[in-house]
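Encoded as structure tokens, the structure appears first; notes follow it.
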């Protein structure tokens with residue numbers, strides 16, 4: 001059950017980042033939905049500073065899904081990398097808006113999502129690494145995929 005939820009959340013998050021950065025680059029977000037002071041060059045640079053980490057999150061998350069589909073236990077480590085970076089990205093954005101004293105649900109909600117959902121899965125994945133379950137998980141996954 002947890003594994004299925006993690007896979008769904010990875011797809012939502014990783015594709016969501018790719019879509020967000022695509023529409024941001026094409027300037028398709030209506031001005032009324034943009035963050036406060038969106039024309040300020042410093043805030044534009046701040047927003048774009050998230051692009052590398054967000055794209056790396058997508059890369060590591062999608063790669064972990066690929067590894068899982070192939071039945072390779074390395075999916076757990078790549079999932080942890082993706083989740084830790086996802087939490088960090090959300091935390092940095094929430095911290096910024098909190099320091100500025102601005103609350104806009106349109107920007108807080110997705111960033112709280114990025115902060116909170118990894119916290120559900122990080123301990124579970126760490127416990128799999130610590131107990132050797134990753135080898136059994138890869139074996140079971142591989143068997144299920146071959147059936």
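The values are calculated or read from the model by the stated rules, or taken from the named source; none is laboratory data. The structure displayed is predicted, hence computed values, not measured ones. Neighbour counts run over all protein chains shown; Cβ positions are idealised from the backbone, glycine included.
The listed residues are 29, 12, and the only one of them that is closer than 16 Å to residue 113 by Cβ and without any contact (Cβ under 8 Å) to a residue 40 or more places away in the chain turns out to be 12. When residue 42 is tested against (1) in contact with a helix residue (DSSP H, G or I) (Cβ under 8 Å, 6 or more places away or on another chain); (2) without any contact (Cβ under 8 Å) to a residue 40 or more places away in the chain; (3) in a helix (DSSP H, G or I); (4) surrounded by fewer than 16 Cβ atoms within 10 Å (Cβ to Cβ), only condition (1) is not met. Residue selection: residue 7 satisfies the criterion of being surrounded by 13 or more Cβ atoms within 10 Å (Cβ to Cβ), out of contact with any strand residue (DSSP E or B) (no Cβ under 9 Å at 6 or more places or on another chain) and closer than 21 Å to residue 127 by Cα. Here 83, 92, 67 are screened, and the one residue that is crowded, with 16+ Cβ neighbours inside 10 Å, under 26 Å from residue 130 (Cβ atoms) and within 15 Å of the chain's Cα centre (by Cα) is 83.
I need the full set of residues from the stretch 18-39 which are surrounded by 11 or more Cβ atoms within 10 Å (Cβ to Cβ) and not in a helix (DSSP H, G or I), in order please. Scanning the stretch 18-39 gives 29, 34, 35, 36, 37, 38. Of everything in the stretch 95-109 that's in a helix (DSSP H, G or I) and surrounded by fewer than 15 Cβ atoms within 10 Å (Cβ to Cβ), which residue is nearest to the chain's Cα centre (by Cα)? Checking each candidate, the answer is 109. Residues satisfying the criterion are present in the stretch 127-134 (criterion: assigned to a helix (DSSP H, G or I), out of contact with any helix residue (DSSP H, G or I) (no Cβ under 8 Å at 6 or more places or on another chain) and at pLDDT below 95).
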